[in-house]
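The values are calculated or read from the model by the stated rules, or taken from the named source; none is laboratory data. Worth saying up front: this structure is predicted, and the values here are computed from it rather than measured. Cβ coordinates were reconstructed from backbone atoms using ideal geometry, including for glycine residues, and neighbour counts include every protein chain displayed. Ligands, DNA and RNA are stripped out before the accessible areas are found, and what is left, the full protein with its side chains, is counted by its heavy atoms. Shrake-Rupley method; radii C 1.70, N 1.55, O 1.52, S 1.80 Å.
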Amino acid sequence: MTKNNLQNKPYPLGAHIEEGGVRFSLVSKAAACGVLLYDRATGRQLMKLPFTAEERIGNIHCKLVRDLDAARIAYLFYEGDCLIPDERARVFIGKATYGKERTPEDLRAGFPTGEFDWGQDQCPRVPYRSMVGYCMHVRGFTRHTSSGVRNRGTFDGILEKIPYLKEIGVTTIELQPAYEFAEVPTKEERLNRLPTSAMPGELDTAGQNKLNYWGYKKGYYYTPKAAYAATKDPVTEFKALVKALHENRMELVMQFYFPHEVKRSEISEILRFWVLEYHVDGFHLLGDNLFADQLAKDDMLADTKIWYYHFDVDSIYGREEQPLFPHVAEYNDAWYYCMRGYLKGDGNTLGNVLYQMRHLPEKAGRIHYLTNYYGFTLADLVSYDHKHNEANGEDNRDGNDYNCSWNCGEEGVTRRQKVKKLREKQMKNALSMLMLSQSAPLIFMGDEFGNSQRGNNNPYCQDNAVTWLDWSGIEKNQTVFSFWKMLVDFRKKHPILRTEREMRLMDYISCGYPDLSYHGQNAWRAQTEGNCRHIGIMLCGKYAWSDQMREDDFLYLAFNMHWESHELALPKLPKGMRWEMVFSTETQNVEAQAGMDGKSKELSRKIPPRSIAVYISSVTGNADGEEEAVKREIAKGRKTVSSKRDMSQKLEKGGGRKAGMES
């Protein structure tokens, strides 16, 4: 190594401004390689600068070019006669047109100009128990003319829709790949028949020349996608979106797909860059063997959300430590398939359903969803038995054959009112399952009002009305849309539906009721045999506080996914309280079969086929002041419960025995 080598600084890779000029670093095994400099305004080539032998360390070539005005130049690397865009470029010059192939000349890189005013920007850091996630495709979300935004299909279009996202209760947006990638297959991909996507099950050989609408391929990971910007400045537009979301106490989580050819050592650098430069709130990592546990241990990402299939939390946080802000979350299809099967009435599912609804991983969050960018949308889940991917041009061979769906009696679009009514109820059932489960719920864009993709469960190449969100569906499916907003509000008001830790099914604060209990035709006697598709779930609000002054209510969730009605018993409530029905997915009101004032030993309700009903405890009262007396008794009981809860927590921290706590 010569003296000149010692003066070179190969890292960071790419091109970076430093005192005295611009440093270029390229990883290449080629004997002849270098840098081409262009005038940023005219595109005229200014000079060709080859790397010398003295400027090579291992496979990294690095050169400091002095006296360059970075604001006025653009650059490309080269290897022999081949032009090489900088994979680590922060900016690509020029306005990109979506769907048009970009040659290496179109990917000349530059340097960001100007400083973005972040003001007092702060990441909201929404805890998983308070999160409502919304997965979207940047272009598909507002590209349809019905979106009504000024700049359709862009980051700015999402910004315009922030009031809508707040209206439907979204706290956390998950973006499909929004970093730069080539949606049109490159010449190399076409000639060498290289796949344009490496995600499993998406693409057959017939699809290698198709548009990659989703973007699951190796990308340029250090810059927002230019074709998703309304202006020539995607950097500023993306930052403005993040800042606006934060001002509205909303988060942005980005999907990053890393195929095998991406060096694992670089992934943490990419994630750190987006946190520092763009203030993003989290990452959903996609790809195999990403060493997600190691990424989660990165001290700089300790309060950044990281989602992956599974985590070893003891390795991340330590076996004895309970993190104040668990930032990792499991994101997999376990809840997805289980609840889909139950929704359509499969047998032998109830036991797993109850587990999936209450399960919370230790020291981690969990994202649960019934739909996502892959598979059927919610409307299609109740409208199709089979995938209909003919428009993809692969003879319907692509996509998953197992959708765990039911068309409610007729395939696809129908005029039969009976079928339409059942589909609407099934969508309400699905949304209820989503919002009444304990972990963090997430929906795919448009499912809140029943958007359809015409039975296509794999629209990876569809940049058209199939994937563009049709906003007129809000008016067409107003009933489902209103039901979704009601569910979000109900979940927000009842912290017993979103506890910090998994419920124990026991009375560990000695209040007379377990935190969670199951009931069948008789109270306290659950029926979970293989042929059972109905269950009553009671949540005791004494284990959760909505604020400093009030513990939550008792809730009773009556589930019946059988095609016949079933009796479910409601347990007796404390003296002076009664059950009241809050809502039911059945269109007709369910009449009581027994008094609901809490005086009877057991209350029975007949739950209609394929429906969900939710009941809440309320205080009875009369003109003689019984209501005030009951409230005083309840208030007195709260103090006792609070002290027992405090004792429970102390015993847990000190290793105290449950028996001692309960005594």
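Some values worked out for this structure:
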quantity	calculated
Qualifying residue in segment 550-570 (condition: modelled with pLDDT under 95 and open to solvent by 70 Å² or more (accessible area, probe 1.4 Å))	yes
Enumeration of residues in segment 96-137 that are more than 30 Å from T377 (Cα to Cα) and among the hydroxyl-bearing types (S, T, Y)	T103, T113
Near pairs, Cβ below 6 angstrom, 6+ apart or cross-chain, from segment 517-540 (open to solvent by 10 Å² or more (accessible area, probe 1.4 Å) and at pLDDT 95 or above) to any residue that is hydrophobic (A, V, I, L, M, F, W, C) and assigned to a loop (DSSP other than H, G, I, E, B)	Y518/A526; R533/M561
Only listed residue being open to solvent by 20 Å² or more (accessible area, probe 1.4 Å), part of a helix (DSSP H, G or I), touching a residue at least 40 places away in the same chain (Cβ under 8 Å) and farther than 29 Å from I496 by Cα, chosen from R129, R139	R139
Single condition E269 does not satisfy, out of (1) assigned to a loop (DSSP other than H, G, I, E, B); (2) more than 30 Å from K161 (Cβ to Cβ); (3) among the charged types (D, E, K, R)	(1)
Every residue from segment 164-182 that is open to solvent by 10 Å² or more (accessible area, probe 1.4 Å), on the phi < 0 side of the Ramachandran plot and in contact with a Lys or Arg (Cβ under 8 Å, 6 or more places away or on another chain)	E167, T171, A182
Y342 within 30 Å of R415 (Cα to Cα) and either β-branched (V, I, T) or surrounded by 15 or more Cβ atoms within 10 Å (Cβ to Cβ) (or both)	yes
Qualifying residues in segment 151-163 (those that are part of a loop (DSSP other than H, G, I, E, B) and without any contact (Cβ under 8 Å) to a residue 40 or more places away in the chain) - the one most open to solvent (accessible area, probe 1.4 Å)	R152
Residue in segment 395-402 that is touching an Asp or Glu at 6+ places or on another chain (Cβ under 6 Å), among the polar types (S, T, N, Q) and open to solvent by 30 Å² or more (accessible area, probe 1.4 Å) present	yes
All positions within segment 313-345 that are free of Cβ contacts under 8 Å to residues at least 60 places away in the same chain and part of a loop (DSSP other than H, G, I, E, B)	G318, R319, E320, E321, Q322, P323, L324, H327, N332, D333
Residue check, A41 at pLDDT below 95, more than 25 Å from T186 (Cβ to Cβ) and not in a loop (DSSP other than H, G, I, E, B)	no
All helices (runs of 4 or more DSSP H) inside segment 405-498 with 3 or more residues being touching a residue at least 40 places away in the same chain (Cβ under 8 Å) and crowded, with 20+ Cβ neighbours inside 10 Å	417-436, 478-493
Among (1) polar (S, T, N, Q); (2) open to solvent by 10 Å² or more (accessible area, probe 1.4 Å); (3) in contact (Cβ under 8 Å) with a residue 24 or more places away in the chain, the one test that N352 misses	(3)
Some residue of segment 9-20 being open to solvent by 70 Å² or more (accessible area, probe 1.4 Å) and over 42 Å from the mean Cα position of the chain (by Cα)	no
Options E261, E269, E247; residue that is open to solvent by 10 Å² or more (accessible area, probe 1.4 Å), within 22 Å of G14 (Cα to Cα) and modelled with pLDDT of 95 or more	E269
Conditions (1) closer than 30 Å to N403 by Cα; (2) open to solvent by 10 Å² or more (accessible area, probe 1.4 Å); (3) modelled with pLDDT of 90 or more; number of the one not met by T231	(1)
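Quick grid of which residues meet (1) aliphatic (A, V, I, L, M); (2) farther than 13 Å from K363 by Cβ:
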site	(1), (2)
I270	yes, yes
V275	yes, yes
M300	yes, yes
D312	no, no
I316	yes, no
L324	yes, no
